[in-house]
Amino acid sequence: LSGNARNCFLTGNPDSSRNLIAKGLRCVLDVPHASGQEVYRNAHHSSERFFSQSSQPLEEKIPSLLIHSVGQPLHHFPAWSIEINRSFHTSPSLQAAPVPLFWIIVKPAQKLFAIILGRSIRNWWKALPPNKRELFKESARKNKWKILLGVSSLGVVFVMFYFTHLEETPITGRARLLVFGKEHFRELSQMEYDMWMEQFKGQMLPETDARYQVVERVVGHLSESNKDIPQVSALKWVIHVVDEPGVNAFVLPNGQVFVFTGLLDAVSDIHQLSFILGHEIAHAVLEHAVKKASLVHFLDFLSLIFLTMIWAICPRDSLAVVGQWIQSKLQEFMFDRPYSRTLEAEADKVGLQFAAKACVDVRASSVFWQQMELAESIQGQPKLPEWLSTHPSHGNRAEHLDRLIPEALKIRERCNCPSLSGPDPRLIFRLNMQHLLESSKAQEPPNSTKQDPSKPKLDFPHT
């Protein structure tokens, strides 16, 4: 996420939203022999107890989570007041890749040792007399096969280490590299949790706050609907709502959920919020923190060899510094960031499945990213190429979700969810976009080629 669009668009069907709030059907996959009516009745009574904690509907309690009726006019779209938070990530780098404390301390020392070793080799070579250099080169030519065998053996060791540390990812079954033990990350997660609690003390909303209750119900409904998955039922999901305008949300590996109030202002309805929190829960369930840290550590260890070679071969320190910078950027853009984007796409897929089993209108998921893309365009934020980012672009993310939505709708059907009546929120968004463009052209002065974003006040026509 990298934007804040308050009360943007109608992105969820109001009828299905009321069905979700009133019934909150969950997917009961562990009762295969129950009839459809029994499953419906059990889920209905269970969710009635779940959603009866407060007598006020969500629309009245949280004005920012607007659920408009199709026949009603939409609110003004404050395009000129949208604040884009470019630094927001659904899984911040600190949360996405925690590493054991020992390696946090050792990593700089490893690089320093590689630099000193490479520089020492270079100075040793420069200090050699010319005749000894020739003898050394001649010896290397005679033993080139032994040298090649030694280098190949080292490569085989790395390959064996890689394949012997592969495990199967929960739910998706994809192979993943795990270097560190999960117990280390449990300890580090507790340390990180204490750090965040210290940072946000005084900003935590109480449990009686309506916004806290909304997040609590959504997370509780998602976890209840997916309790047949061992990784979901094994974690205890603890809610923390931070009174912070930034558009942010993340889940620590130990199940601690942090949601900023800025995110509650950015989403347009309960369906979008459910998908986003499903995405964050998927990060924790899929153990993306362990995967990312393992890959980064493995690549950093390999890079020590190249770092030593750079400082040994480059004739001057200045050239070695440039070479080291190039090597780090190549690793970042060729391995680190593409892998982060892969994890984000995987969390989108699994998070959409979680939302589908919770009877959410999964069609609203792609609309959310279209809203974020629109918000950036209105704000005039430059579009960076996807390969420069740790997250997929908003447009590609929406297209990826659109391809996944048909399967998610089948999951809803298998879970005996109520049918989605009314128009598709993606169609409504496109229609609103057309009306927005038409209204913008109609209000633009005839002799003006550029519109001042601080003056116009655009209204969405009735849909």
Residue tally, condition small (G, A, S) and either buried (at least 19 other Cβ atoms within 10 Å of the Cβ) or modelled with pLDDT of 85 or more (or both), over the range 419-438: 1
Answer from S152, S139 - the residue that is open to solvent by less than 70 Å² (accessible area, probe 1.4 Å), modelled with pLDDT of 85 or more, within 43 Å of the chain's Cα centre (by Cα) and not assigned by the TED database to the domain that holds A289: S152
Residues within the range 197-214 that are assigned to a helix (DSSP H, G or I) and more than 16 Å from P245 (Cα to Cα), tallied: 5
Which numbered condition G246 fails, given (1) small (G, A, S); (2) in a loop (DSSP other than H, G, I, E, B); (3) open to solvent by 50 Å² or more (accessible area, probe 1.4 Å): (3)
Tally, over the range 355-394, of residues that are hydrophobic (A, V, I, L, M, F, W, C) and not in a helix (DSSP H, G or I): 5
Selected residue (only one of S223, S189 is within 20 Å of the chain's Cα centre (by Cα), under 25 Å from D300 (Cβ atoms), in contact (Cβ under 8 Å) with a residue 12 or more places away in the chain and part of a helix (DSSP H, G or I)): S189
Flag for K329 being among the basic types (K, R), in contact with a Phe, Trp or Tyr (Cβ under 9 Å, 6 or more places away or on another chain) and either part of a helix (DSSP H, G or I) or surrounded by fewer than 23 Cβ atoms within 10 Å (Cβ to Cβ) (or both): no
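The values are calculated or read from the model by the stated rules, or taken from the named source; none is laboratory data. Only a predicted model underlies this, so the values are computations on that prediction, with no experimental measurement involved. Neighbour counts run over all protein chains shown; Cβ positions are idealised from the backbone, glycine included. The protein model used for the area step is the full one, side chains on, heavy atoms only, and it has no ligands, DNA or RNA in it. Shrake-Rupley method; radii C 1.70, N 1.55, O 1.52, S 1.80 Å.
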